[in-house]
Amino acid sequence: MAQQEDVFKKIVAHAKEYGFVFPSSEIYDGLSAVYDYGQNGVELKNNIKRYWWEAMTLLHENIVGIDSAIFMHPTIWKASGHVDAFNDPLIDNRDSKKRYRADVLIEDHIAKIDDKINKEVEKARKRFGESFDEAMFRQTNGRVAELVARREAIHDRFSQAMNDNNLDDLRQIIIDEEIVDPISGTKNWTEVRQFNLMFKTEMGSTADGAMTVYLRPETAQGIFVNYLNVQKTGRMRIPFGIAQIGKAFRNEIVARQFIFRMREFEQMEMQFFVRPGDEMKWFQYWKEWRLRWHKALGLGDEKYRYHDHEKLAHYANAATDIEFLMPFGFKEVEGIHSRTDFDLSQHEKFSGKKIQYFDPELNSSYTPYVIETSIGVDRMFLSVLSSAYEEQKLEGGDSRVVLRLPAALAPVKCAVMPLVRKDGLPEKAREIVDDLKFDFSTHYDEKDSIGKRYRRQDAIGTPFCITVDHQTLEDNTVTLRHRDSMEQARVNIADLHRLIHDEVSLNSLLRKLK
Ligand code: ATP
């Protein structure tokens, strides 16, 4: 674990050193859980967004996009339940003066017990070898059975307390389980309180005072309140979807782990409107399709898993997360939820407007059911960045740091380098840049030795380096170096476009989703 934390620190440092992610307001000592994307970060982020947007809207003829405002009528958040129920239970430790989410403290505690169980199982697997029967072992081994029973008991009590909103019992679990503050090491806990995560601000200034508005905590509501507009103007027929990418804001109590949990972040959400009764079929469809989207990036199939929710939000009748193996364990990157007709019905109730769909095939009207896919751009960015980061030992005692980014997402696609800064090589290299730049993000680099220039490009994940040397002037060939294999091939300038395009285009990535 310590080693993993080390790697994570290195990734954070690398992200800053190479212009991917900077702490916000850094010259003023930063602003907690807010980050800025730098010159390479913004390109990677835009490419992730394009991959999502095009996969959703280009590949599905029944999905269209919108871009709704961050400010919305405050009653929307009353209708959606956010004003009353978008809370986290918080608890303070009186000694460290640190604030925690009570539910997270308990979940972490349960995860530690799971770790212990898994360690026992792994030890036994090694001991018994081929003949190991895991199910049998879990049932019959005394120590494991005891841990499993304890885990189940805590888990049941925890689920009950969360379902009942029983803050006293949440605190009591922390006391009974002797959970200590990781910083002070003490059990000196305050009461548990509810904390609403929405940021409030004021709009306008009239004689009666200003109106309280919220910074949206999710983009989804902008889709729901535009359901009628899009359905009517786009003459959409159910089933159909509306996609949106945009900023969301949550006043997270504990904001740790870099861009994993931020107070200002970006979401890519799609609401898919279906006939009541068809929702489970579509839930399955989107659950599978979204995982396919992730896997097509080639970050490693073993790094993903589903986590089906046992405890469902009051409006949902099915929910699952797609989790990714981050340097700090499997974590949620995307949620897929079957939200029934909750949101549209609520907006119908609060706005007094009829929000229904007339289904010509059934010759009747109904409130559509909704399947939602909701993914955080920043978490996606972190999963791509952390799985791409690699420190490699090379032959001859050399080493390099390379970002093995999926080529279609890389901020820079190719770098063109004259071997030396004379003899007309820079001019020739510029000519190549001037041609490639219309299709690919292309860098020109002439400073330092060629080895150093390669390392710089490796560190930001550039898939191709093109070197112009004296032979180029004679026969119009260059060396094309691949980032991952470091292999170099002599190719014709005329072939560059095709060779690069085949590997870096978003098009080839999208085709994998067919
Ligand atoms: P968590 O349980 O981690 O707080 P959540 O279940 O509240 O997440 P959702 O409300 O389902 O998250 O939001 C959908 C997606 O938005 C998440 O899967 C995640 O990728 C992203 N997201 C949510 N909160 C944050 C945040 N504070 N910072 C960055 N991304 C976030």
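The values are calculated or read from the model by the stated rules, or taken from the named source; none is laboratory data. Quick caveat: nothing in here was measured; it's all calculated off a predicted structure. As a convention, Cβ positions derive from the backbone with ideal geometry for all residues, glycine included, and neighbour counts pool all protein chains shown. Please note that ligands, DNA and RNA were not included when accessible areas were found on the heavy atoms of the full protein model with its side chains. Shrake-Rupley method; radii C 1.70, N 1.55, O 1.52, S 1.80 Å.
Observations
- Every test in (1) basic (Lys, Arg); (2) open to solvent by 30 Å² or more (accessible area, probe 1.4 Å); (3) more than 13 Å from the ligand (Cβ to nearest atom) is passed by LYS287 save one, and that test is (2).
- Failed item in (1) open to solvent by less than 60 Å² (accessible area, probe 1.4 Å); (2) outside any strand (DSSP E or B); (3) modelled with pLDDT of 90 or more, with TYR100 passing the rest: (2)
- Condition met for PHE265 (closer than 23 Å to HIS337 by Cβ and either open to solvent by 10 Å² or more (accessible area, probe 1.4 Å) or of a type in the set (Asp, Glu) (or both)): yes
- Residue tally, condition closer than 19 Å to ASP484 by Cα, out of contact with any strand residue (DSSP E or B) (no Cβ under 7 Å at 6 or more places or on another chain), touching a residue at least 24 places away in the same chain (Cβ under 8 Å) and in a loop (DSSP other than H, G, I, E, B), over region 392-451: 5
- Subset of region 31-43 that is more than 16 Å from the ligand (Cβ to nearest atom) and open to solvent by less than 30 Å² (accessible area, probe 1.4 Å) - its residue that is nearest to ARG261 (Cα to Cα): GLY38
- The set of residues in region 234-279 being part of a loop (DSSP other than H, G, I, E, B), among the small types (Gly, Ala, Ser) and within 12 Å of the ligand (Cβ to nearest atom) consists of ALA255 alone.
- Number of the exception - ARG292 against (1) under 30 Å from ASN165 (Cβ atoms); (2) surrounded by fewer than 18 Cβ atoms within 10 Å (Cβ to Cβ); (3) touching a residue at least 24 places away in the same chain (Cβ under 8 Å): (1)
- Selection count where residues are in a helix (DSSP H, G or I) and within 11 Å of the ligand (Cβ to nearest atom), scope region 213-233: 1
- Residues located in region 379-399, provided they are out of contact with any Ser or Thr (no Cβ under 8 Å at 6 or more places or on another chain) and at pLDDT below 95: LEU394, GLU395, GLY396, GLY397, ASP398, SER399
- Restricted to region 340-359, and to residues there that are outside any strand (DSSP E or B) and without any contact (Cβ under 8 Å) to a residue 40 or more places away in the chain, the residue that is surrounded by the most Cβ atoms within 10 Å (Cβ to Cβ) is PHE342.
- Within region 195-237, tally of residues that are among the charged types (D, E, K, R) and under 26 Å from GLY335 (Cβ atoms): 3
- Within region 465-482, the set of residues being out of contact with any Lys or Arg (no Cβ under 7 Å at 6 or more places or on another chain) and either open to solvent by 20 Å² or more (accessible area, probe 1.4 Å) or under 24 Å from TYR389 (Cα atoms) (or both) comprises ILE466, ASP469, HIS470, GLN471, GLU474, ASP475, ASN476, LEU480, ARG481, HIS482.
- Yes/no for GLU146 being of a type in the set (D, E, K, R) and free of Cβ contacts under 8 Å to residues at least 60 places away in the same chain: yes
- Test: residue in region 163-181 that is farther than 25 Å from ILE253 by Cα and loosely packed, with under 13 Cβ neighbours inside 10 Å: no
- Positions within region 305-321 being at pLDDT 85 or above, in contact with a Ser or Thr (Cβ under 9 Å, 6 or more places away or on another chain) and not charged (D, E, K, R), in sequence order: TYR306, HIS307, HIS309, ALA316, ASN317, ALA318, ALA319
- Extreme residue, nearest to LYS9 (Cα to Cα), among residues of region 280-328 that are part of a strand (DSSP E or B) and among the aliphatic types (A, V, I, L, M): MET326
- The single condition among (1) buried (at least 21 other Cβ atoms within 10 Å of the Cβ); (2) more than 16 Å from the ligand (Cβ to nearest atom) that ASP301 does not satisfy is (1).
- Qualifying strands (runs of 3 or more DSSP E) (wholly inside region 1-85; at least 2 residues being within 26 Å of PHE328 (Cα to Cα) and in contact with a Ser or Thr (Cβ under 6 Å, 6 or more places away or on another chain)): 35-37
- Any hit, region 371-387, residues being more than 28 Å from GLN3 (Cα to Cα), away from the ligand (no atom under 16 Å from the Cβ) and assigned to a strand (DSSP E or B): no
- VAL504 vs. criteria touching a residue at least 40 places away in the same chain (Cβ under 8 Å) and either within 30 Å of LYS10 (Cβ to Cβ) or open to solvent by 60 Å² or more (accessible area, probe 1.4 Å) (or both): yes
- Within region 325-338, considering residues that are within 11 Å of the ligand (Cβ to nearest atom) and without any contact (Cβ under 8 Å) to a residue 60 or more places away in the chain, the one most open to solvent (accessible area, probe 1.4 Å): GLU332
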